[in-house]
Amino acid sequence: MAILVTGGAGFIGSSLLDRLAPGGDELICWDDFNDYYDPRVKRANIAPLVERKRVTLYEGDICDWELGRRIFAAHNIRTVVHLAARAGVRPSLKDPLLYERTNCGGTTALLELSRLNGVEKFVFGSSSSVYGNNSKLPFSETDSVDAPISPYAATKRACELLCSTYHELYKMKTVCLRFFTVYGPRGRPDLAIYLFTHKMLHDQEIIRYGDGSARRDFTFISDILDGVTAAMKLDCGFEIVNLGESRTVELRELIALVAKATGKTPRIKQMPMQPGDVNATYADISKAKHLLGYNPGFPIERGIPIFVEWYRKNILAGEKRA
C-alpha cells in the first residue's frame, strides 16, 4: 500500500513521514517547495528520508493535473493525507486569488485524482481558523462556521465542503482535521513561537500584536501526529475532528514562557491587532478523544522548552558554524 502526503516537506508533512517511515508502507511526498518561507528549510526536512530511500519525492504544483496523473499511475496509492496549502491568515489578505487557486483548486484536483484511482481514505488538514471570531468557547465541530474572517479561513472551509461532497457522491472515507496552532521542532519560521524564540535568542525586539490578551490553543507536533495517524486508520464515512491541546494561552503568557526557556528578557514592541486575526481559539476535543483515542500529552509548559532546545541545536548552532 502506498501513502501520499501532499505538502510532505513542510513542518507537519515531513514530521508525519518521519513517523510513518518505520512502518514499511510505500511513502510518497508531493511538494512544490514554494517561497512562502525559505525552500531550503523544507528541502532539509525531507532530504534524510529521500536519501535513505524511505520516501519518493515529487516536486511540483498541487494544481498540476498531469503531474498528479503520473504520480497516481506510478504508485498504488490507497491513503492520501492532504496537507499542501498556502498557509497564513495575513498573507491571504494580500493575495486571495493565489489562496483560492492553490487551496480550493488543488484540493479539488486531488479529490478527483483520488476518486479516479480508488483511494480508500482521504485525510484533509483543515484549520481552526474556520471558526472565525466565534464567541462560544470551546469550539465544537457542531458550531456554525459560516463567518470566516480571512480568505485563508474561507478556503479551508470550502475545502471541507469539497471533501464532504466527494464523500456524498462517491462514498470516499474522509476525515477533515481542524488543526489548532501547531508548534514544535521544525516549526514554520513565520509562526509566533518560532519568531519569538529567534528574536529573543538574537537579542532583538519582538512584535506583539494587540495588548497581549489574544488567546490561542497551542498544540505540540507529537500530539498532532497522534491524531493524524489515528485518523488514517479510522473506519468512517465523513468526519470533521478538532485536534488541539484544549487549553487557551494568552499571548503575554506565551512570551513569558519563551523568555523563561531562552533565559532572555523580551523587548516588546506593541502593534495594533491585524485584520483577519481572531481573538481566541480553543478546541473541544471530546470527539477526537472518542473517535481517535486522542489524548494530548504535551502542555505548553513542556513543549516550549523542547522547541527552544531544538532551535538552539539546529538553527542557532548552524548560524554559529556558518
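The values are calculated or read from the model by the stated rules, or taken from the named source; none is laboratory data. Fair warning: this is a prediction, and the values are worked out from it, not measured in the lab. Note that we place each Cβ from the backbone using ideal geometry, even for glycine, and neighbour counts take in every protein chain shown.
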I'd like the residue in the stretch 246-290 that is touching a Phe, Trp or Tyr at 6+ places or on another chain (Cβ under 6 Å) and of a type in the set (Gly, Ala, Ser) and, out of all such residues, is surrounded by the most Cβ atoms within 10 Å (Cβ to Cβ).
Ala283
Among the residues listed as Gly276, Gly318, the single one being modelled with pLDDT under 95, among the small types (Gly, Ala, Ser) and in contact with a helix residue (DSSP H, G or I) (Cβ under 6 Å, 6 or more places away or on another chain):
Gly276
Just a yes or no: is a residue in the stretch 207-222 of a type in the set (Asp, Glu) and assigned to a helix (DSSP H, G or I)?
no
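With the structure loaded, tell me whether Arg90 is in a loop (DSSP other than H, G, I, E, B), among the basic types (Lys, Arg) and under 26 Å from Leu161 (Cα atoms) or whether it fails that test. It would help to see each step written out before you state the result.
Working: in a loop (DSSP other than H, G, I, E, B): no; among the basic types (Lys, Arg): yes; under 26 Å from Leu161 (Cα atoms): yes.
Criteria not met by Arg90.
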Kindly establish whether Thr174 is in a strand (DSSP E or B) and over 21 Å from Phe298 (Cα atoms).
yes
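Please find, within the stretch 14-46, the residue that is surrounded by the most Cβ atoms within 10 Å (Cβ to Cβ) out of those that are in a loop (DSSP other than H, G, I, E, B) and touching an Asp or Glu at 6+ places or on another chain (Cβ under 7 Å). Step through it out loud before you land on a result.
Pass one, the stretch 14-46, residues in a loop (DSSP other than H, G, I, E, B): 24-25, 32-38.
Filter once more, keeping what is touching an Asp or Glu at 6+ places or on another chain (Cβ under 7 Å): 32-33, 37.
On the way: Asp32: 22, Phe33: 17, Tyr37: 17.
Taking the candidates together, the pick is Asp32.
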Give me the residue from the stretch 127-171 that is in a helix (DSSP H, G or I) and aliphatic (A, V, I, L, M) and, out of that set, surrounded by the fewest Cβ atoms within 10 Å (Cβ to Cβ).
Leu169
Does Val89 satisfy being of a type in the set (Val, Ile, Thr), touching a residue at least 24 places away in the same chain (Cβ under 8 Å) and touching a Gly at 6+ places or on another chain (Cβ under 7 Å)?
yes
